[in-house]
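Just below is one structure, and these are the notes that go with it.
The values are calculated or read from the model by the stated rules, or taken from the named source; none is laboratory data. Note that the coordinates shown come from a computational prediction; the quantities given were computed from them, not determined experimentally. FYI the Cβ positions are ideal-geometry reconstructions off the backbone, even for glycines, and counts take in every protein chain you see. Protein only, heavy atoms only, side chains kept; ligands, DNA and RNA dropped before computing areas. Shrake-Rupley method; radii C 1.70, N 1.55, O 1.52, S 1.80 Å.
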Amino acid sequence: METTSQKATYSIALRIFHWLNATTILFILLTVFTRKEWLEKFKIRDIILDFANRNDLIISTEQAYQLAKLIRNEIWNFHYTLGIFLAILFLYRLILLLTNDGRRVFKEGFSVFRKSKSSKSGIKFMYIVFYIALLISIVTGLMMYFNDFFGITKETKNALEALHVGIVTIVIYFVPLHLIGVVLAELGNEKGIVSKMINGGKENKTQ
């Protein structure tokens, strides 16, 4: 007698977290790139001054600079919103540790610290570093955003900002490495990684 059963590698809760987390991080990095490149304050200031000169408008360099800051503040407000949402997602991931599937994935990640010659140890270690960096970036970001509530001084805020920017650099490097790793895995011996994160990686078992 044959019976068929299905076992999900990733629960729907973990899959929801993965895709929301990935999308949020990508949008956060997009706001950083936009603010630093396309909406760089001195670049916008010069555009405003050039427009004013060509249209015989009177505006000082300082006024153009302040206007440039107001324009790019809109994208930074979106950055703050995404950061708070990312913090909620991180808390959601911690709650998932209460589930069997959530604990299993977590334990698999930390198995890198056991004595093992597995080729996946380096990958697991990279993910651990990523999540630690993500946690630090979230904490420092929230502390800067709610600096009045925490009574943070300007000097401390500047130090937090420097740490925040440095840690975010780790996240920036992780994203392409992750994508390259997924592509290599799909082309190698671990086909179906992307589909597993979509459908749960259900496998048919015949008895």
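According to a simple spin-label model (label point 7 Å from Cα along Cα-to-Cβ), what is the distance in nm between I132 and F85?
Placing both labels 7 Å along Cα→Cβ, they lie 2.9 nm apart.
For K36, tell me the accessible area in Å² from a 1.4 Å probe, rounded to the nearest 10.
Approximately 120 Å² of K36 is accessible to the 1.4 Å probe.
Using a simple spin-label model with points 7 Å from Cα along the Cα→Cβ vector, what separation in nm is obtained for N158 and L67?
3.0
Could you tell me the accessible area of W76 in Å² (1.4 Å probe, neighbours in place), rounded to the nearest ten?
40
Compute the distribution of all C-alpha to C-alpha distances in the stretch 136-188, in bins of 10 Å from 0, and list the percent of pairs in each, rounded to whole numbers.
Histogramming the stretch 136-188 at 10 Å steps yields 24, 34, 19, 15, 7, 1 percent.
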